[in-house]
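**Q** Below are the structure tokens for one structure; questions will follow.
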Amino acid sequence: MDLRDFYLLAALIACLRLDSAVAQELIYTIREELPENVPIGNIPKDLNISHINAATGTSASLVYRLVSKAGDAPLVKVSSTTGEIFTTSNRIDREKLCAGASYAEENECFFELEVVILPNDFFRLIKIKIIVKDTNDNAPMFPSPVINISIPENTLINSRFPIPSATDPDTGFNGVQHYELLNGQSVFGLDIVETPEGEKWPQLIVQQNLDREQKDTYVMKIKVEDGGTPQKSSTAILQVTVSDVNDNRPVFKESQVEVHIPENAPVGTSVIQLHATDADIGSNAEIRYIFGAQVAPATKRFFALNNTTGLITVQRSLDREETAIHKVTVLASDGSSTPARATVTINVTDVNDNPPNIDLRYIISPINGTVYLSEKDPVNTKIALITVSDKDTDVNGKVICFIEREVPFHLKAVYDNQYLLETSSLLDYEGTKEFSFKIVASDSGKPSLNQTALVRVKLEDENDNPPIFSQPVIELSVSENNRRGLYLTTISATDEDSGKNADIVYQLGPNASFFDLDRKTGVLTASRVFDREEQERFIFTVTARDNGTPPLQSQAAVIVTVLDENDNSPKFTHNHFQFFVSENLPKYSTVGVITVTDADAGENKAVTLSILNDNENFVLDPFSGVIKSNVSFDREQQSSYTFDVKAVDGGQPPRSSTAKVTINVMDVNDNSPVVIYPPSNTSFKLVPLSAIPGSVVAEVFAVDIDTGMNAELKYTIVSGNSKGLFRIDPVTGNITLEEKPNPSDVGLHRLVVNISDLGYPKSLHTLVLVFLYVNDTAGNASHIYDLIRRTMETPLDRNIGDSSQPYQNEDYLTIMIAIVAGAMVVIVVIFVTVLVRCRHASRFKAAQRSKQGAEWMSPNQENKQNKKKKRKKRKSPKSSLLNFVTIEESKPDDAVHEPINGTISLPAELEEQSIGRFDWGTAPPTTFKPNSPDLAKHYKSASPQSAFHLKPDTPVSVKKHHVIQELPLDNTFVGGCDTLSKRSSTSSDHFSASECSSQGGFKTKGPLHTRQFIG
């Protein structure tokens, strides 16, 4: 087996093993003469092509490319992105496309094209066959506009004479369908004869006897029509000449003849000898042979007809590939009007006279005839679509295709006589830079004919090596306050490629605005002055990129650490620190924390604190900044302390700064509420039975000389309202009716009202008795006052109606009147005595207020003076309080005058109502709870200045004097709070000045109607 036979066998095997996944076929049917951009089909939809890579599962963008020769005018176009097929501006003309042999209705006129799908991972070759259906765009035409026929005058009726048939390039029903004779003059008729090939031949029928002497010429029209929609037609003039009698017409021995002649028959070769006979004699028997009117001019060029002998010969070289069958109509005429007709079918047989044709259509567009591939292109990269063909038939037309020498390319059969030129292995630019090889197509004729096509492929060097840094992470340090343009380091990278692929340029990444980098040399310099306090470390990337196409790059991380210099002084968080402490804070307690920072680092950041101008009143921890008191605070002696603090860092040379500190001493809750109205515990209000619910029947009003929450008051009825007849407003102190009184409510009602402030942690309170007499009138006031005096014997936690004594008994009333009359004398004496003491006490308390009049909220002396004036105004109308006391002062060891002690045990809900609590949720942002653990945190969050309320280290008793009430001597209010024995000083919060016991109820100790000064 020689090399040629081996290639032939390999090609035949490849043709039998077509890859259905690569090669697929589509068939579309369209009509001719469609306008531009008419959709024909959709390749991915019609083939159900997925855009998902089965190997990776990722979506890919497919490219659809029509494979065509350069310079061809494509009849269709393919969208590269969607795969849709459209018509182009080049109209598809079926008659032009399928010119040549006649197409019957069942024959198809079609053209084929190929589309490839890229990229290589999704490669497919799609063979598309487009069948072109005929449209009625051509009218049938006679061979000549005037048709002449000669008919002998002795022609019998119903004799038939052939008329040259019309032709129509259209096929099927759009072809010739009907003939019609116009103006036949009843002498002639028309008949249609259909041949086995489907052709329709018109024949003229003689319907009457002809007489040349009467009329020798007849002029008519013949019309031909097709069957299309809309129907098309044409006409020709039919001129019939009546000739003299010729009794016999020629007759062919065979009217249908078929012959075969090889296409390489030389000129002059005899094709067939036609023979016709005529029964006449003489000149009427002389026969002349001519081509019929239906013979195509092209056929007449290939064959010659001897007019005398009827011999058909070859007068021009035949080409089966151009026309394989020639149909010749020969007429034999003896001069009469009715010639004989014979049809000769000449079949041109094939000889191996055509070498195979190689149609090389590149998938990768060549440049000047050379295909450029990258060395990184994968195996099976498609280069071109090769179609081989041979115009010969049978064995002569069987073609094999192969590459003549060993190269890293191969041909892959996809259809009969179609191959894909692909790479068969990885390409290496360093091994071979260029390939030039031939593709050979050989047929199977004897002898075999060959055709070759030259393919040139050049490889391009691929930039497949990125630059590599010597260090993936580059670390360096530089001192702050540097000079601009300071050299830092040189960054370098290497590239294993060569040429421009090895030319490296350097580029800074983001966050590198403080640096400059030379793109060629890689020298890194500082473009700005570094400040470690603003940024201590710079982390950025440097990119090294080569000049390849596409360029490759790599990155290295650069870490620049800025070293510290002592260029920042210590900085206090505030220029002026203000702390607030309670006046009962013990010695050596923490009063505040100084916060200072230094933006430097290391030893430059180590700060030492000291007090500059304090007379050893405070001790400052030099490292933590905690300030502790070295004195016991007394707000009345000194309300604030101010000194300077100095901070020095550990740098060389050291830096320092100062700040001002003010310690403000706050007041405590040491004043109980003072009742202004009602004027005494023995006054009463009349509540008529006609009073309506919601009406105000009495009012309680009190003041507290403390400030802030310590002066906020709350009013509560704690006893005497068992029927729920009355209600007191907790804010205004107004007592209103809850329901309309009825006769059973008539009489005296004693309400025990608790007035408490909202001081923290313990509130102070005062009790006041409010008498309400329910009746239509109060005619006997002395009787009511006597009832009030009697209620003093009833414990405060019991209703006066619970007493078993019959206050309404007439005898008892008489006795009581006598007692009261006797006691009035004693009361006058007591009144005078109390008045003198009240004046003395007022002067004493004025002196005390001058000592404690300043508020904790502000050290402003002007405010102190204003508040003193307000306090004086608050107690000024002494005349309105002179009638408060109506009961004698108690005397020791006297059972009759034993003071009335009232003890009330309240339920839990009343206890909660009677004690005001400070709500920390509503506290102002500059006030902090005493138990807050992080003083510095609270300090930093305050704006503009913070207040610290610190808990002392150890509790201590309050040493200052307290006055329980500023009331006239005749004040008989129940309660008051002994703040000296109850006060707790364990908290530095300004709300924790004092407390008054409220556990289990309000307790009043000592005489109900006396005043006491506790020193």
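The values are calculated or read from the model by the stated rules, or taken from the named source; none is laboratory data. Values in this document were obtained by computation on a predicted structure and should not be read as measured data. As a convention, Cβ positions derive from the backbone with ideal geometry for all residues, glycine included, and neighbour counts pool all protein chains shown. Just so you know, the surface numbers come from the protein's heavy atoms only, side chains and all, with ligands and any DNA or RNA stripped out. Shrake-Rupley method; radii C 1.70, N 1.55, O 1.52, S 1.80 Å.
**Q** Only one residue in LYS215, LYS200 is at pLDDT below 90, open to solvent by less than 50 Å² (accessible area, probe 1.4 Å) and on the phi < 0 side of the Ramachandran plot. Which one?
**A** Checking each option against the conditions leaves just LYS200.
**Q** May I pose another question? Taking into account only those residues within the stretch 367-382 that are in contact with a strand residue (DSSP E or B) (Cβ under 8 Å, 6 or more places away or on another chain) and of a type in the set (A, V, I, L, M, F, W, C), which is nearest to VAL455 (Cα to Cα)?
**A** Restricting to residues being in contact with a strand residue (DSSP E or B) (Cβ under 8 Å, 6 or more places away or on another chain) and of a type in the set (A, V, I, L, M, F, W, C), the top hit is VAL371.
**Q** In addition: What pairs come up if the first residue lies in the stretch 55-67 and is closer than 27 Å to GLY41 by Cβ, the second is charged (D, E, K, R), and their beta carbons are under 6 Å apart, counting only those six or more places apart or on different chains?
**A** VAL67/GLU114; VAL67/ARG361
**Q** Look through the stretch 658-677, keep the residues that are more than 20 Å from LEU713 (Cβ to Cβ) and out of contact with any Asp or Glu (no Cβ under 9 Å at 6 or more places or on another chain), and return whichever of them is surrounded by the most Cβ atoms within 10 Å (Cβ to Cβ).
**A** Among residues in the stretch 658-677 that are more than 20 Å from LEU713 (Cβ to Cβ) and out of contact with any Asp or Glu (no Cβ under 9 Å at 6 or more places or on another chain), the one surrounded by the most Cβ atoms within 10 Å (Cβ to Cβ) is ILE663.
**Q** Turning to a different aspect of this structure: In the stretch 702-777, which strands (runs of 3 or more DSSP E) lie fully inside it and hold 3 or more residues that are under 24 Å from PRO795 (Cβ atoms)?
**A** Output list reads 713-719, 726-728, 747-757, 765-774.
**Q** Taking the stretch 601-618 only, how many residues are exposed (fewer than 15 other Cβ atoms within 10 Å of the Cβ) and either at positive phi or part of a strand (DSSP E or B) (or both)?
**A** Number satisfying all stated conditions: 3.
**Q** Collect the residues in the stretch 287-314 that are open to solvent by 80 Å² or more (accessible area, probe 1.4 Å) and within 13 Å of PRO339 (Cβ to Cβ), keeping them in residue-number order.
**A** Answer for the stretch 287-314, where residues must be open to solvent by 80 Å² or more (accessible area, probe 1.4 Å) and within 13 Å of PRO339 (Cβ to Cβ): just ARG288.
**Q** Let me ask something additional. Just need a number here: residues in the stretch 675-701 that are hydroxyl-bearing (Ser, Thr, Tyr) and assigned to a strand (DSSP E or B).
**A** The qualifying residues number 1.
**Q** Specify which of the listed residues (LYS628, LYS587) is open to solvent by 60 Å² or more (accessible area, probe 1.4 Å), in a loop (DSSP other than H, G, I, E, B) and not hydrophobic (A, V, I, L, M, F, W, C).
**A** LYS587
**Q** While we're here: Exactly one of these conditions fails for ASP757: (1) of a type in the set (D, E, K, R); (2) in contact with a helix residue (DSSP H, G or I) (Cβ under 9 Å, 6 or more places away or on another chain); (3) free of Cβ contacts under 8 Å to residues at least 60 places away in the same chain. Give me its number.
**A** Against the list (1) of a type in the set (D, E, K, R); (2) in contact with a helix residue (DSSP H, G or I) (Cβ under 9 Å, 6 or more places away or on another chain); (3) free of Cβ contacts under 8 Å to residues at least 60 places away in the same chain, ASP757 comes up short only on (3).
**Q** Something else about it: Regarding the stretch 154-164, can at least one residue be identified that is over 18 Å from LYS232 (Cα atoms), at pLDDT below 85 and out of contact with any Leu (no Cβ under 7 Å at 6 or more places or on another chain)?
**A** The answer is yes, given that some residue of the stretch 154-164 is over 18 Å from LYS232 (Cα atoms), at pLDDT below 85 and out of contact with any Leu (no Cβ under 7 Å at 6 or more places or on another chain).
**Q** Residue by residue through the stretch 219-277, note down the ones that are of a type in the set (Asp, Glu) and out of contact with any Lys or Arg (no Cβ under 9 Å at 6 or more places or on another chain).
**A** ASP247, GLU254, GLU258, listed by residue number.
**Q** While we're here: Restricting the search to the stretch 362-388, which residues are at pLDDT 90 or above, touching an Asp or Glu at 6+ places or on another chain (Cβ under 8 Å) and part of a strand (DSSP E or B)?
**A** TYR372, LEU373, LYS382, ILE383, LEU385, ILE386, THR387, VAL388
**Q** For the stretch 398-418, name all the residues that are outside any strand (DSSP E or B) and over 11 Å from ILE439 (Cα atoms).
**A** Across the stretch 398-418, the qualifying residues are LYS398, GLU406, VAL407, PRO408, ASP416, ASN417.
**Q** Report yes if ASP786 is of a type in the set (Asp, Glu), under 18 Å from ASP706 (Cα atoms) and open to solvent by less than 40 Å² (accessible area, probe 1.4 Å), otherwise no.
**A** The answer is no for ASP786.
**Q** If you check ILE386, ILE468, ILE400, which single one turns out to be open to solvent by 60 Å² or more (accessible area, probe 1.4 Å), among the aliphatic types (A, V, I, L, M) and in contact (Cβ under 8 Å) with a residue 60 or more places away in the chain?
**A** ILE468
**Q** Sort through VAL257, VAL240 and tell me the only one that's under 30 Å from LEU318 (Cα atoms) and either surrounded by 14 or more Cβ atoms within 10 Å (Cβ to Cβ) or in contact with a strand residue (DSSP E or B) (Cβ under 7 Å, 6 or more places away or on another chain) (or both).
**A** VAL257
**Q** Next question. Taking SER50 and the conditions (1) surrounded by 15 or more Cβ atoms within 10 Å (Cβ to Cβ); (2) at pLDDT below 90, which numbered condition does it fall short on, given that it satisfies the others?
**A** Here SER50 clears every test but (1).
**Q** Name every residue in the stretch 607-640 that is aromatic (Phe, Trp, Tyr) and either modelled with pLDDT under 85 or more than 60 Å from the chain's Cα centre (by Cα) (or both), in order of residue number.
**A** Scanning the stretch 607-640 gives PHE618, PHE633.
**Q** Checking TYR429 against (1) outside any strand (DSSP E or B); (2) closer than 30 Å to VAL351 by Cβ; (3) aromatic (Phe, Trp, Tyr), which test does it fail?
**A** The number of the failed condition is (2).
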